[in-house]
1. For residues that are free of Cβ contacts under 8 Å to residues at least 12 places away in the same chain and either open to solvent by less than 70 Å² (accessible area, probe 1.4 Å) or within 20 Å of VAL8 (Cα to Cα) (or both), tally how many sit in segment 32-50.
2. Hey, GLU16 hits all of (1) over 23 Å from VAL68 (Cβ atoms); (2) touching a Ser or Thr at 6+ places or on another chain (Cβ under 9 Å) but one; which does it fall short on?
3. Scan segment 33-55 for residues that are part of a loop (DSSP other than H, G, I, E, B) and either among the basic types (Lys, Arg) or under 15 Å from MET1 (Cβ atoms) (or both) and report the count.
4. Looking only at segment 10-29, which residues are closer than 17 Å to ASP40 by Cα and in a loop (DSSP other than H, G, I, E, B)?
5. Just name the residue that is nearest to the chain's Cα centre (by Cα) out of those in segment 56-79 that are modelled with pLDDT under 85, in a loop (DSSP other than H, G, I, E, B) and surrounded by 11 or more Cβ atoms within 10 Å (Cβ to Cβ).
6. From the list SER53, SER18, which residue is open to solvent by less than 40 Å² (accessible area, probe 1.4 Å), out of contact with any Asp or Glu (no Cβ under 9 Å at 6 or more places or on another chain) and at pLDDT 90 or above?
7. If you take the residues of segment 1-15 that are of a type in the set (Ser, Thr, Tyr) and free of Cβ contacts under 8 Å to residues at least 60 places away in the same chain, which of them is most open to solvent (accessible area, probe 1.4 Å)?
Amino acid sequence: MHGRTSGVTKAYPTSEVSSQVIQEAMEWAGINKTHHIVTDESKAYKFLDDKDSNYKHDSCNHKNKQWVNGVAHTNTLEGLHAMS
């Protein structure tokens, strides 16, 4: 997770990618409903779009070769992952 305004990046390995794991990671990183969440199209982020979630969420759809969607891109984290 990377804060575009703060410049702070927080990362840790997980054994799986699921909505539950992502929600726990967001809590660990201090992400709340005042933050703007930007992701790719993974189904694991679907909870962010639920009617009652109240998260501000935008995404880009890599499966459709969409790398940027307005302010939505994942380049920062992809670069971080490439260096590890």
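1. Qualifying residue count for the region: 3.
2. The failed condition is (2).
3. Here the count works out to 7.
4. ALA11, GLU16, VAL17, SER18, listed by residue number.
5. THR74
6. On the way: SER53 fails: at pLDDT 90 or above.
So the residue among SER53, SER18 that is open to solvent by less than 40 Å² (accessible area, probe 1.4 Å), out of contact with any Asp or Glu (no Cβ under 9 Å at 6 or more places or on another chain) and at pLDDT 90 or above is SER18.
7. Residues of segment 1-15 that are of a type in the set (Ser, Thr, Tyr), as a first pass: 5-6, 9, 12, 14-15.
Narrowing the set further to residues that are free of Cβ contacts under 8 Å to residues at least 60 places away in the same chain leaves 5-6, 12, 14-15.
On the way: THR5: 146, SER6: 82, TYR12: 93, THR14: 69, SER15: 120 Å².
It comes out as THR5.
The values are calculated or read from the model by the stated rules, or taken from the named source; none is laboratory data. Since this is a predicted model, take the numbers as computed values, not measurements. In this analysis, Cβ positions are derived from the backbone assuming ideal geometry, glycine residues included, and neighbour counts consider all displayed protein chains. SASA here: full protein model, heavy atoms, side chains in, ligands and nucleic acids out. Shrake-Rupley method; radii C 1.70, N 1.55, O 1.52, S 1.80 Å.
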